[in-house]
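One structure is given here, and the rest of the page talks about it.
The values are calculated or read from the model by the stated rules, or taken from the named source; none is laboratory data. Bear in mind that the values here come from a model prediction, so they are computed numbers and not experimental data. Note that we place each Cβ from the backbone using ideal geometry, even for glycine, and neighbour counts take in every protein chain shown. Heads up: the accessible areas ignore ligands, DNA and RNA and are worked out on the full protein's heavy atoms, side chains in. Shrake-Rupley method; radii C 1.70, N 1.55, O 1.52, S 1.80 Å.
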Amino acid sequence: MEFFRFLRKEHDDYGPKTILVTASAGLVNSALAMILIYAAQHAAPHKFNFKYLLMFVVAVAAFWASKSYALNKNTIMIEQVLEKVRMRIADKIRKTDLKSFEDIGKARFFSTLNTDTQTLSQFTPILTNSVSSAVMMFFALVYVAFISFPAFIIVIVVTTAALIHFYSAQKKLNQKLAETSELQEEYYAALDEL
């Protein structure tokens with residue numbers, strides 16, 4: 001949630017429209033799954049149904065268009081935000097006392113700036129895909145609940161267990177990334193001493 005607040009604060013275009021466009025890819029993906037299920041239920045041997053094929057092609061085109069638009073729009077927006085942040089940092093460095101800057105250490109500063117902005121930049125497709133996947137997951141859960149409530153409960157339990165496992169693995173990964181960042185700082189410091 002902090003990342004969304006950061007985007008809202010830093011970029012004028014971020015808002016409901018951006019989230020809606022990103023979520024529309026998930027909605028269209030859900031529609032695509034429903035079309036496939038419905039077509040499979042009404043399939044007959046040696047009978048070609050052009051209506052379902054047309055619906056499928058339109059849904060795939062809509063999914064591709066919405067996903068491409070969301071990825072492009074979000075990537076541009078994130079890069080603009082990161083550029084503003086970099087400029088603010090460069091401006092603050094320009095105005096600061098060089099002695100203070102040297103006390104921090106160039107190696108640590110460049111390592112942190114490079115790693116953090118690169119991480120945020122690489123986060124864009126993950127964020128976009130996560131939002132559209134969450135929308136698709138919601139509609140899939142509604143569909144499963146409509147078909148079978150016991151199956152819905154099983155899906156919720158399994159999904160919860162998977163999320164718990166994911167977040168525990170994520171915590172371990174974050175610790176490893178922090179260690180890697182420290183090693184990178186040491187590397188830049190060693191280069192600085194050359």
Original post:
Which of the residue pairs LYS92/LYS176; LYS9/LYS73; LYS9/LYS176 have a Cα-Cα distance greater than 21 Å in the structure shown?
Top reply: LYS92/LYS176; LYS9/LYS176
Original post:
If you plug each phi of segment 80-92 into the Karplus form 6.51 cos²θ - 1.76 cosθ + 1.60 with θ = phi - 60°, what whole-Hz ³J(HN,Hα) values come out, in order, with x for Gly and Pro?
Top reply: 5, 5, 5, 5, 4, 5, 4, 5, 5, 5, 4, 5, 5
**OP:** State, to one decimal in nm, how far the label point of SER181 lies from the label point of ILE37, with both points 7 Å from Cα in the Cβ direction.
**Re:** 4.2 nm
Subject >> More than 19 Å apart - percent of Cα-Cα pairs taken over segment 139-193 >> reply: 57 percent
**OP:** Using a 1.4 Å probe and counting only protein heavy atoms, arrange VAL158, VAL60 so the residue with the most accessible area comes first.
**Re:** VAL158, VAL60
Original post:
Each residue of segment 37-43 in order: what ³J(HN,Hα) in whole Hz does its phi give by Karplus 6.51 cos²θ - 1.76 cosθ + 1.60, θ = phi - 60°, with x for Gly and Pro?
Top reply: 5, 5, 5, 5, 5, 9, 6
